[in-house]
Amino acid sequence: MKFFAILSAVLVVALGVTSTTAAAAAADIAADPESACRCPNNCSHKYGSSCKFYDNGNVLSGACINGNGGLTCAT
């Protein structure tokens with residue numbers, strides 16, 4: 001019986017880490033190019049910082065550049 005309790009605990013922890021990691025990865029991708037380089041979530045970004053955002057269901061990677069009234073992510 002102890003074996004199954006330990007096995008269940010290990011599985012719960014493993015599944016929790018996997019879902020937390022996936023959620024953290026998704027949180028690093030902005031909804032649009034401006035949000036990828038600006039506050040409130042990306043205040044530390046500067047000119048040249050790497051950035052990611054969603055566009056039509058795809059994840060695009062780029063770098064922060066000056067434009068559009070502040071920093072924006074350009075691919």
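Here C43, C37 are screened, and the one residue that is under 13 Å from the mean Cα position of the chain (by Cα) and either assigned to a loop (DSSP other than H, G, I, E, B) or surrounded by 12 or more Cβ atoms within 10 Å (Cβ to Cβ) (or both) is C37.
Say whether the condition of being at pLDDT below 90, open to solvent by 60 Å² or more (accessible area, probe 1.4 Å), not in a helix (DSSP H, G or I) and not acidic (D, E) is met by at least one residue in segment 50-57. No: zero hits. For first residues located in segment 52-70 and more than 16 Å from A31 (Cβ to Cβ) and free of Cβ contacts under 8 Å to residues at least 60 places away in the same chain, partners that are open to solvent by less than 60 Å² (accessible area, probe 1.4 Å) and of a type in the set (S, T, Y) and lie 6+ apart or on another chain with Cβ distances below 9 Å form the pairs A63/S49; I65/T72; N66/T72.
The values are calculated or read from the model by the stated rules, or taken from the named source; none is laboratory data. None of the values given here were measured: they were computed from a predicted structure. All Cβ positions, even for glycine, are placed from backbone atoms using ideal geometry, and neighbour counts span all protein chains on display. Areas reflect the complete protein model, heavy atoms only, side chains present, ligands, DNA and RNA absent. Shrake-Rupley method; radii C 1.70, N 1.55, O 1.52, S 1.80 Å.
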